[in-house]
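Okay, structure first, notes after.
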Amino acid sequence: MGSVENNERRNGLVAESVSSEEKLEGIRGGVMEKIGRIRGAVSEVSKLRKEVVRKRRKAAENVNLSAVKYRELEEACEAEDFAKADRP
C-alpha cells in the first residue's frame, strides 16, 4: 500500500502543480495585458507631446514674426512713413 499512497501523493502534487501553472499563466496574461495598455498609453503620450512641441514652436515663430512687424511699424511711425506703416 505504500506505493499506492506514493502514487496518490504524486498525483495530488501533479494536480496542484497544474493548478499552480494555470494560476501562473493567468498572472502572466494579466501582466502582459497591463504592459500592452501601458505601451498604448506611452505611445499616446508621446504623440501628444510631439504635438505640443510642434504647437509651441509655431507659437514662438508667430511671436517672433509679430515682434519683427511691430518693430518695423514702430520705425515707420517714428520716421512718419505712414505709407509703409499702412502696409500689411
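Key figures
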{"item": "Sites Asn62 and Arg39 - FRET efficiency at Förster radius 41 Å, r taken between beta-carbons, to 0.05", "result": "0.70"}
{"item": "Phi to ³J(HN,Hα) by Karplus 6.51 cos²θ - 1.76 cosθ + 1.60 over the range 46-63, Hz, x for Gly, Pro", "result": "4, 4, 5, 4, 4, 5, 5, 4, 4, 5, 5, 5, 5, 5, 5, 4, 5, 4"}
{"item": "Residue order, fewest to most beta carbons within 10 Å, for Glu22, Glu72", "result": "Glu22, Glu72"}
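Values in this text are rule-based calculations from the coordinates and carry no lab data. Being a predicted model, the structure only gives us computed values, none of them experimental. Ideal geometry is used to build each Cβ from the backbone, glycine not excepted, and the neighbour counts take in all protein chains shown.
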